[in-house]
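Colleague: I have a structure I would like to understand better, so I am pasting it below and will then ask my questions one at a time.
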Ligand SMILES: Nc1nc2c(ncn2[C@@H]2O[C@H](COP(=O)(O)OP(=O)(O)OP(=O)(O)O)[C@@H](O)[C@H]2O)c(=O)[nH]1
Ligand code: SF4
Ligand SMILES: [Mg+2]
Ligand SMILES: [Zn+2]
Ligand SMILES: [Zn+2]
């Protein structure tokens, strides 16, 4: 299913008052930030989107895709699900290698065509995960010993190449150990729509708009300015610089040179 | 009246999920019963939160699921004016799981607790499987787990639920509202294993001869009592009565129905 647009029709806040907008439209390839204090309704909004709610949740919001309601199996069947979720916790419990795990997931998603194609896909996922994390993942690494950064990188690459859900929800992903902006760029390159709950400025200031939550309602919509994007780029450069120095330290090298001049990684957008 | 049975291993999130589901069912009059082997406080938690009638049912010496099957008709009779009876099982016996055909059988399945293929009827005979604790692992593993559940519980609908956030509660409440009213005789979804050896009659020594002897004595006594589980002897079930007799804790004529009483 090709997704061009998501529309959120307003619902009600915790006091039962109507949200102050009629509808919000989001187009393919856009990143939407969700910000606000604890208890302001961020998770509930993600939940409404994940459910593609039709007024049955407590906020009464309605969510349409390409101006239509969505059939139930597209919400739940893992082989067809259109919504992917990147949660805070990315622990694994299966005692197996990265390669084997990815193969099982490829099967589950109904994406196995031939042994050859699956093998290629696995390699592609691991390669792109390695562009996101500093500590290299090999296909024979056991899942259970992956570090936090490696797990996050692997799951982002998995979302990009295996899950292929066109809509992705991200709940407070940590940036420790990964090039976080590159991670999202990988997902956006595939034309996905991303909703992310985050207060990490590298991410929040690099969105297309931010939904500001208050008392359970979307109380404001901020369109990201060019200046904010520039700040995000700069912060992302610092984050990646930190990661590189960290790698030098890990490899037992001496860090001799202090780099002060930033060359923005994402280029100007 | 509707009836829903929540089965699931200890700590899988049954009570947590039930609380969110009940939030969605506030317009119904509900009775809640929790079965457990030794002790529980779940009935107090639910009572505190919703101010409805709740009870605990402690099975002691018998399989908590066999016990539940024995008690369910009594609970139904006593609360027949209610809209809904919610039963939370002890969840210790994967084999027995007292699901009934007439009501709704929900398995609360902890995603961290092992392979779906190793569960018995607790999972395979559920009408609805609510997978909990998915928040603790990656989406990829959640998807894999879900497809493994579908392999063994082919006809069940599957919901991703969460006992901390209430995710999935609306769908479970929906399924309860759509479930049929129970009427007439209730039937188990599958037969339960029988008491088949001396250990079932309370034998503790690991010794085949003693076990066999205990079994024949137990069987002989069982043949003479009417197996009503009526409780007149002071025990919850006939089996417990038989154990006590074999342990010489009570006299067999404590059961008023005993035929061919020894003089
Ligand atoms: N992370 C997480 N924890 C959960 C979830 N559901 C329940 N828990 C936690 O798991 C523990 C056990 O939950 P209960 O609801 O008491 O489990 P139960 O199945 O009723 O347990 P028994 O009645 O003793 O068999 C509690 O600490 C809950 O907070 C979930 O979806 N995610
Ligand atoms: S009185 Fe007799 S029939 Fe009734 S429960 Fe006890 S043993 Fe069973
Ligand atoms: Mg409980
Ligand atoms: Zn049993
Ligand atoms: Zn036995």
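Colleague: Any idea which of B:59, B:97 is in the same structural domain as residue B:12 (by TED's automatic domain parsing), within 15 Å of ligand 1 (Cβ to nearest atom), closer than 23 Å to residue B:240 by Cα and modelled with pLDDT under 85?
Modeller: Exactly one of B:59, B:97 is in the same structural domain as residue B:12 (by TED's automatic domain parsing), within 15 Å of ligand 1 (Cβ to nearest atom), closer than 23 Å to residue B:240 by Cα and modelled with pLDDT under 85, namely B:97.
Colleague: Continuing with this model, one more query. Quick one: in the stretch A:88-102, of everything that is surrounded by fewer than 19 Cβ atoms within 10 Å (Cβ to Cβ) and under 15 Å from residue A:156 (Cβ atoms), which residue is farthest from the other protein chains (Cβ to nearest Cβ)?
Modeller: My answer is A:88.
Colleague: Check B:55, B:51, B:61, B:24 and return the single one that is within 16 Å of ligand 2 (Cβ to nearest atom) and surrounded by fewer than 20 Cβ atoms within 10 Å (Cβ to Cβ).
Modeller: Only one candidate qualifies: B:61.
Colleague: Take the residues of the stretch B:147-159 that are modelled with pLDDT under 90 and either in contact with a helix residue (DSSP H, G or I) (Cβ under 9 Å, 6 or more places away or on another chain) or crowded, with 23+ Cβ neighbours inside 10 Å (or both): which is nearest to the other protein chains (Cβ to nearest Cβ)?
Modeller: Here the residue is B:147.
Colleague: Now, a different point. Quick test for you: out of B:20, B:6, pick the one residue that is in contact (Cβ under 8 Å) with a residue 12 or more places away in the chain and part of a strand (DSSP E or B).
Modeller: Just one listed residue meets the conditions, B:6.
Colleague: Select from the stretch B:105-118 the residues that are touching a strand residue (DSSP E or B) at 6+ places or on another chain (Cβ under 9 Å) and surrounded by fewer than 24 Cβ atoms within 10 Å (Cβ to Cβ) and write down the one among them that is nearest to the other protein chains (Cβ to nearest Cβ).
Modeller: B:112
Colleague: Would you please name the residue that is surrounded by the most Cβ atoms within 10 Å (Cβ to Cβ), looking only at residues in the stretch A:11-42 that are within 14 Å of chain B (Cβ to nearest Cβ) and touching a strand residue (DSSP E or B) at 6+ places or on another chain (Cβ under 7 Å)?
Modeller: The extreme case among them is A:41.
Colleague: Determine which single condition residue B:140 fails, assuming it passes every other condition in (1) in contact with a strand residue (DSSP E or B) (Cβ under 9 Å, 6 or more places away or on another chain); (2) within 14 Å of another protein chain (Cβ to nearest Cβ).
Modeller: (1)
Colleague: Please determine whether any residue of the stretch B:216-233 is part of a helix (DSSP H, G or I), away from ligand 2 (no atom under 16 Å from the Cβ), in contact with a helix residue (DSSP H, G or I) (Cβ under 9 Å, 6 or more places away or on another chain) and not assigned by TED's automatic domain parsing to the domain that holds residue B:114.
Modeller: Checked the stretch B:216-233: at least one residue is part of a helix (DSSP H, G or I), away from ligand 2 (no atom under 16 Å from the Cβ), in contact with a helix residue (DSSP H, G or I) (Cβ under 9 Å, 6 or more places away or on another chain) and not assigned by TED's automatic domain parsing to the domain that holds residue B:114.
Colleague: Of the numbered conditions (1) touching a helix residue (DSSP H, G or I) at 6+ places or on another chain (Cβ under 8 Å); (2) over 30 Å from residue A:58 (Cβ atoms); (3) part of a helix (DSSP H, G or I), residue A:248 fails exactly one; give the number of that condition.
Modeller: For residue A:248, the exception is condition (1).
Colleague: While we're here: Among the numbered criteria (1) surrounded by fewer than 19 Cβ atoms within 10 Å (Cβ to Cβ); (2) in contact with a helix residue (DSSP H, G or I) (Cβ under 7 Å, 6 or more places away or on another chain); (3) part of a loop (DSSP other than H, G, I, E, B); (4) more than 13 Å from chain A (Cβ to nearest Cβ), which single criterion is violated by residue B:163?
Modeller: Of everything listed in (1) surrounded by fewer than 19 Cβ atoms within 10 Å (Cβ to Cβ); (2) in contact with a helix residue (DSSP H, G or I) (Cβ under 7 Å, 6 or more places away or on another chain); (3) part of a loop (DSSP other than H, G, I, E, B); (4) more than 13 Å from chain A (Cβ to nearest Cβ), residue B:163 misses just condition (1).
Colleague: While we're on this one: Mind telling me which of the residues B:113, B:130, B:195, B:175 ends up being within 16 Å of ligand 2 (Cβ to nearest atom) and either at pLDDT 90 or above or assigned to a loop (DSSP other than H, G, I, E, B) (or both)?
Modeller: One residue alone meets the criteria, B:195.
Colleague: Taking the stretch B:24-68, which residues are more than 14 Å from the chain's Cα centre (by Cα) and assigned to a helix (DSSP H, G or I)?
Modeller: B:42, B:43, B:44, B:45, B:46, B:47, B:48, B:49, B:50
The values are calculated or read from the model by the stated rules, or taken from the named source; none is laboratory data. These numbers come from a predicted model, not from an experiment. Virtual Cβ from ideal backbone geometry, glycine too; neighbours counted across all protein chains shown.
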